[in-house]
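This report refers to the structure that appears directly beneath it.
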Amino acid sequence: MDEADNDFDDSRTKMAMTTKTPLSAIVEAFEELSEFLECQMKDEELRLDKFCDACSLVSVLFSCLGLAFKFAEMEYVAKVHDLVEASKRFATLENVLDLDVAHDTVKKPGSHSRNLRRVRQGLDLIRALFEEFLSSEVYSLREAASTAYAQVCAPYHTWAIRTAVSAGMYTLPTREQLLLKLNETDHTAEKKMRRYIKASRPVIEYIDKLYISRNITLDW
C-alpha cells in the first residue's frame, strides 16, 4: 500500500469517526437501552416505544447484507412495525406479554409476543454476526454470516428457508463492500461492533427473562 492509499484510509477513518453513520446510531440507541436496564429501579419497565426506536435502526444492517438476508430483513421489519403499532396501545414490553399470556396467544402467529421473540432473534443474529466478523481479519463475511445464522436462526427455520439462505450466502457483499456501505473503516467498525455486542446482550437477556419468568420456554 502506498502513501496515497494510507492517506485515503486515514481520511475515511476520520470521517467515519466524526460522521453520524448508521452503525453509530444503532450503537448509541442500544447503549441507552443497556444503561437503562443497568440502572433501572425495581418497578421500572422498559418502554416499548423506546425499544422499537432502537430496533428500527437495525433494519439498515439487514438491507446491507443483500439477498442472503432478504427473508430475515422482511420478517424483521414486519415484526418491528407490528411492535411499533402495539406501542401506541401498550406502554411496556411486559404489558404486551401479559396480555398474550392472559389470552393464551403468546406463540400464536401474528401475536405481539411472538413478534417480539422474532425481533429478539434478529438482534441476536446481528450480535453473532459481529462477533464472527471480528474473530479474524481474514474471516470472510460469508463464513461469518453462515456461522451466525446457523447459531441463531437456523434451528427455528424450515428446510426451505434454510436452503434459500444458504444459496443466498454466495451473494453477500465482501467485507470491504459492507464497510463501504456502512460508511465505516475496519478501525471504526470494530469499535462500534464491539460496543453493539456489549450493549445488546443485556437487552436480549432482559427479553429472555420476560418469557422465562412467565414459564414460557425459549425453544421456538
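The values are calculated or read from the model by the stated rules, or taken from the named source; none is laboratory data. Computed from a prediction, not measured in an experiment: that's the story for all the values here. As a convention, Cβ positions derive from the backbone with ideal geometry for all residues, glycine included, and neighbour counts pool all protein chains shown. Only protein heavy atoms, including side chains, enter the accessible area calculation; ligands, DNA and RNA are left aside. Shrake-Rupley method; radii C 1.70, N 1.55, O 1.52, S 1.80 Å.
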Q. Pick from 106, 165, 101: which is more than 19 Å from the chain's Cα centre (by Cα) and part of a helix (DSSP H, G or I)?
A. 101
Q.
For the range 118-128, which positions are open to solvent by 10 Å² or more (accessible area, probe 1.4 Å) and more than 8 Å from the chain's Cα centre (by Cα)?
A. 118
Q: Considering only the range 46-75, state which residues are under 17 Å from residue 164 (Cα atoms) and either touching a residue at least 24 places away in the same chain (Cβ under 8 Å) or polar (S, T, N, Q) (or both).
A: 62, 63, 65, 66, 67, 68, 69, 70, 71, 72, 75
Q) Which of (1) over 26 Å from residue 27 (Cβ atoms); (2) open to solvent by 20 Å² or more (accessible area, probe 1.4 Å); (3) not β-branched (Val, Ile, Thr) does residue 97 not meet, given it meets every other one? A) (2)
Q. Conditions: (1) open to solvent by 30 Å² or more (accessible area, probe 1.4 Å); (2) in contact with a Cys (Cβ under 9 Å, 6 or more places away or on another chain); (3) among the hydroxyl-bearing types (Ser, Thr, Tyr). Residue 76 meets all but one. Number of the miss?
A. (1)
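Yes or no, residue by residue, for (1) within 26 Å of residue 20 (Cβ to Cβ); (2) without any contact (Cβ under 8 Å) to a residue 24 or more places away in the chain:
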{"site": "157", "(1), (2)": "no, yes"}
{"site": "161", "(1), (2)": "no, no"}
{"site": "170", "(1), (2)": "no, no"}
{"site": "188", "(1), (2)": "yes, no"}
**Q.** Among (1) farther than 23 Å from residue 209 by Cα; (2) open to solvent by less than 10 Å² (accessible area, probe 1.4 Å), the one test that residue 134 misses
**A.** (2)
Q: Output the qualifying pairs, or none if there are none: Cβ atoms under 6 angstrom, residues six or more apart or on different chains, first residue in the range 92-119 and free of Cβ contacts under 8 Å to residues at least 12 places away in the same chain, second residue buried (at least 18 other Cβ atoms within 10 Å of the Cβ) and outside any helix (DSSP H, G or I).
A: 105/111
Q.
Can you list residue pairs whose Cβ atoms sit under 9 Å apart, with the first residue in the range 201-220 being among the charged types (D, E, K, R) and the second being surrounded by 12 or more Cβ atoms within 10 Å (Cβ to Cβ) and assigned to a helix (DSSP H, G or I)? Count only pairs 6 or more apart in sequence or on different chains.
A. 201/34; 201/127; 205/37; 208/120; 214/97; 214/98; 214/101; 219/156
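Scan 147, 185 and give me the residue that is touching an Asp or Glu at 6+ places or on another chain (Cβ under 7 Å), closer than 19 Å to residue 67 by Cβ and crowded, with 16+ Cβ neighbours inside 10 Å.
Working: 185 fails: closer than 19 Å to residue 67 by Cβ.
Checking each option against the conditions leaves just 147.
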Q) Here are some conditions: (1) under 21 Å from residue 32 (Cα atoms); (2) surrounded by 21 or more Cβ atoms within 10 Å (Cβ to Cβ); (3) at pLDDT 95 or above. Residue 56 meets all but one. Which one does it not meet? A) (2)
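So, in the range 100-117, exactly how many residues are of a type outside the set (Asp, Glu) and open to solvent by 50 Å² or more (accessible area, probe 1.4 Å)? Spell out the reasoning first.
Here is the first cut: in the range 100-117, the ones of a type outside the set (Asp, Glu) are 101-103, 105-117.
Remaining after also requiring open to solvent by 50 Å² or more (accessible area, probe 1.4 Å): 101-103, 107-110, 114.
Residues flagged as of a type outside the set (Asp, Glu) and open to solvent by 50 Å² or more (accessible area, probe 1.4 Å) within the range 100-117 amount to 8.
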Q | Unmet criterion (only one of (1) over 30 Å from residue 104 (Cβ atoms); (2) surrounded by 14 or more Cβ atoms within 10 Å (Cβ to Cβ); (3) of a type in the set (Asp, Glu)) for residue 208 | A | (1)
Q: Give the residues of the range 17-28 that are open to solvent by less than 60 Å² (accessible area, probe 1.4 Å) and either among the hydroxyl-bearing types (Ser, Thr, Tyr) or farther than 20 Å from residue 181 by Cα (or both), sorted by residue number.
A: 19, 21, 24
